[in-house]
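Mind having a look at this structure? Questions to follow.
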Amino acid sequence: MSDREILVVEDERPIREMIAFGLRRAGFEVREAEDSRAARALLADRHPDLLLLDWMLPDMSGLELAKLLKRDKDTRELPIILLTARAEEADKVAGLESGADDYLTKPFSPRELVARINAVLRRAGPAGGEERVEFEGIVLDRASHRVTVDGRSVALGPTEYRMLEFFLTHPERVYSREQLLDRIWGGNVYVEERTIDVHIRRLRKALEEHGRDHLIQTVRGAGYRCSALAH
């Protein structure tokens, strides 16, 4: 059995129980909540390894709850996957920009759900290699999973952390969106290339507060690079 715990927040009981059943069969520990109030009560008790959050909840939308959790220092690093029937690109972008790490459109198969969860948990977990990576005043500590700039903590979600880790360990080279998806998400998980742009914006916003957003550069027609040199 896995020691990973998933909190499933879904107001429709049959769907919630079906999801929970599938996750338990896949080896996860599961807790359930029917609305955002119940979810926040469970989060106050202890943090799961990942939050599976339905967009449409009766008391507060999953989108709003994700934003609140990402603004709170105690829960901002909690990985979140949004579940929704909305399939439009604008909705997907809104979901990712709320702070969610992935977005899954209903209906989905149990296998796809487990694959997405495992992919997000891999991105949130520690990586191998040197414990500390330093670049232009940015220090990424793999042991503590923390990032600082000139000693000040940088608030990053798990996907932005992995993205920054990749850029800092591969500076001065241009990577296409497809390459970034393959290196950061892994080749066995389907994620739209548009997702890269959303996470790049979130990473830059976090670094902007510390005067380092210029390091993540857009190379028109080619992709992105991390560079201390001017564009």
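Bear in mind that the values in this text are calculations on the coordinates, not laboratory data. This one's a predicted model, so the numbers in the text were calculated from it and none came from an experiment. So basically every Cβ, Gly included, is an ideal-geometry build from the backbone, and we count neighbours across all protein chains shown.
Highest mean first, how do 157-170, 216-229 rank when packing is the count of other Cβ atoms within 10 Å averaged over residues?
Those peptides, ordered most packed to least, come out 157-170, 216-229.
Would you mind calculating the relative contact order of the chain from Cα pairs under 8 angstrom and at least 6 residues apart, reporting the percent as a whole number?
Worked out over the chain, it gives 13 percent.
For the ranges 57-65, 146-154, what's the packing order if you count other beta-carbon atoms within 10 Å of each residue, average per peptide, and put the highest first?
57-65, 146-154
Write down the percent of antiparallel bridges among all DSSP beta bridges whose residues are both part of the chain, to the nearest 5.
Counting only bridges with both partners in the chain, antiparallel ones make up about 45 percent.
Also, I was wondering about something else. Fewest to most neighbouring Cβ within 10 Å: what's the order for 174, 8?
The fewest-first ordering by Cβ neighbours comes to 174, 8.
Which net charge results when you count Lys and Arg as +1 and Asp and Glu as -1 among the other residues whose beta-carbon is under 14 Å from that of residue 34?
-3
Can you show me the helix-derived [θ] at 222 nm for the chain, built from DSSP H runs with n ≥ 4 at -39,500 (n - 2.57) apiece and divided by the number of residues, rounded to the nearest 500. Intermediate results must be reported in sequence, preceding the final value.
Values: 8 runs with 88 residues, N = 231.
Here the helix-only value at 222 nm equals -11500 deg cm²/dmol.
Applying the Karplus parametrisation 6.51 cos²θ - 1.76 cosθ + 1.60 with θ = phi - 60° to the phi angles of region 32-47, what ³J(HN,Hα) value in whole Hz is obtained for each residue in order, glycine and proline being reported as x?
10, 9, 9, 7, 5, 4, 5, 4, 5, 5, 5, 5, 5, 6, 6, 8
Sticking with this one: Can you work out ³J(HN,Hα) from phi for every residue in region 104-119, in order, using Karplus 6.51 cos²θ - 1.76 cosθ + 1.60 and θ = phi - 60°, giving whole Hz and x for Gly and Pro?
10, 8, 6, x, 9, 8, x, 5, 5, 4, 5, 4, 5, 4, 4, 5
Convert each backbone phi in region 6-20 into a coupling constant with the Karplus relation 6.51 cos²θ - 1.76 cosθ + 1.60 (shift: θ = phi - 60°), then list the ³J(HN,Hα) values in order as whole Hz, x for Gly and Pro.
Once rounded to whole Hz, the list reads 10, 9, 9, 10, 8, 7, 7, 4, x, 5, 4, 5, 5, 4, 4.
Sticking with this one: Normalising by the residue count of region 5-124, find the relative contact order in percent from Cα pairs under 8 Å and 6+ residues apart.
Relative contact order comes out at 23 percent.
Please compute the net charge surrounding residue 136, taking Lys and Arg as +1 and Asp and Glu as -1 over other residues with Cβ under 13 Å from its Cβ.
It works out to a net charge of -3.
Subtracting the Cα-Cα distance from 0.36 nm times the residue separation, let me have the gained length for residue 141 to residue 214 in nm, one decimal. Working shown, then result.
Values: separation 73, 0.36 × 73 = 26.28 nm, distance 2.12 nm.
Full extension from residue 141 to residue 214 adds 24.2 nm.
Percent relative contact order of region 132-226, based on C-alpha pairs within less than 8 angstrom and at least six residues apart?
27
Taking the Cβ of residue 216 as the center, what net charge do the other residues with Cβ under 14 Å away carry, scoring Lys and Arg +1 and Asp and Glu -1?
Result for the neighbourhood of residue 216: +1.
Can you spot the lysines whose alpha carbon is less than 19 Å from residue 67's alpha carbon? Ignore those fewer than 8 places along the same chain.
Once the sequence-local lysines are set aside, what remains near residue 67 is 92, 205.
Over all Cα pairs of region 5-124, how is the pair count split among 5 Å bins, expressed in % and running from 0 up to the last occupied bin?
For region 5-124, the pair-distance distribution reads 2, 12, 25, 28, 22, 10, 2, 0.
A further question follows. Per residue, what volume in Å³ does the convex hull of the Cα atoms of the chain enclose?
124
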